Amino acid sequence: MSNFAIYSSPPEKDDSKVRRDLRSFAERFGLRIAEAHRSGGDQGIVALRVSDAPKQRGYIPYSTRAMNWHTDGYYNAPENRISAFVLHCVSQAAQGGTNDILDPEILYIRLRDEHPAYLQALMHPQAMTIPENTEPDGSVRPASVGPVFYPDPGTGQMQMRYTARTRSIEWRDDPATLEAEAFLRDYLATGDPLAVRIRLEAGQGVLNNNVLHNRTAFENDDDTGRLIFRVRFHNRVGEV
């Protein structure tokens, strides 16, 4: 079990058909409790592409910039945690746009075996705080406080809530937590031998239980821009 699978399907340019097929595909794996995302379009799917729209301006997923290691929805409230998601490539960039993927359970095992004090600190219910954020429409997203590693409420399987960002984040102010945070950042930057690197092409995608991932910067050409469809779920793959 690696908590993710990479799939390939025939490329399709009809966005509406891709959206319908993507939701149908996810439902076959028990993924039915979809997130109500503010940028969700038809079928509740978010189009990740370069955008200057008011709801997306300034957010890295809608730019060409690199994205550091993270799990999805790390800023969500506990009752809205993301447990799984699907990324589907409609069209790839001319250059760049590569993802690294790592099963969080691998990182959990490495910490458990080699740095148990760090793991204990990262499981503290106040280990990581994402401060509140004011949205473009004036609404306020409350601060999100919680552990980095935690058992999924529905299955008991270990999940991870994490971002390697260094701005707009607060770590619990104790030596073990701060050392653990620095260790995680350095370890992921160095790379785990079991991490997988992939550059999705049109028709390819990743089905997963909210794994750790990143994205390299990319460049679009004049004709086709990078377009990735993403749909996130509050339940894990296989739950019904």
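Residues that are of a type in the set (Gly, Ala, Ser) and open to solvent by 60 Å² or more (accessible area, probe 1.4 Å) within region 155-172 comprise just one, Ser168. Filter region 63-79 down to the residues that are of a type in the set (Phe, Trp, Tyr) and either at pLDDT below 95 or farther than 30 Å from Asp222 by Cα (or both), then identify the one that is most open to solvent (accessible area, probe 1.4 Å). Within region 63-79, the match that is most open to solvent (accessible area, probe 1.4 Å) is Tyr75. If the condition is being assigned to a loop (DSSP other than H, G, I, E, B) and free of Cβ contacts under 8 Å to residues at least 24 places away in the same chain, then region 41-82 contributes Gly41, Ser51, Asp52, Ala53, Gln56, Gly58, Tyr59, Ser63.
One residue stands out among those in region 22-33 that are part of a helix (DSSP H, G or I) and out of contact with any His (no Cβ under 9 Å at 6 or more places or on another chain): the one that is most open to solvent (accessible area, probe 1.4 Å), which is Glu27.
Of the residues making up region 1-21, those that are open to solvent by less than 60 Å² (accessible area, probe 1.4 Å) and not in a loop (DSSP other than H, G, I, E, B) are Phe4, Ala5, Tyr7, Asp15, Ser16, Val18, Arg19. Look through region 80-112, keep the residues that are within 18 Å of Gly156 (Cβ to Cβ) and of a type in the set (Ser, Thr, Tyr), and return whichever of them is modelled with the highest pLDDT. Among them, the one singled out is Tyr108.
Does Asp186 fit the bill of being over 25 Å from Leu87 (Cα atoms) and open to solvent by 20 Å² or more (accessible area, probe 1.4 Å)? So Asp186 fits the description; yes. If I ask for residues that are outside any strand (DSSP E or B) and buried (at least 20 other Cβ atoms within 10 Å of the Cβ), which ones from region 83-118 would you list? Matches in region 83-118: Ser83, Gln92, Ala93, Gly97, Asp103, Pro104, Leu107, Leu111, Tyr118.
The values are calculated or read from the model by the stated rules, or taken from the named source; none is laboratory data. Keep in mind the model is a prediction, meaning the values are calculated, not measured. Note that each Cβ is placed from the backbone with ideal geometry, even for glycine, and that neighbours are counted across all protein chains shown. Heads up: the accessible areas ignore ligands, DNA and RNA and are worked out on the full protein's heavy atoms, side chains in. Shrake-Rupley method; radii C 1.70, N 1.55, O 1.52, S 1.80 Å.
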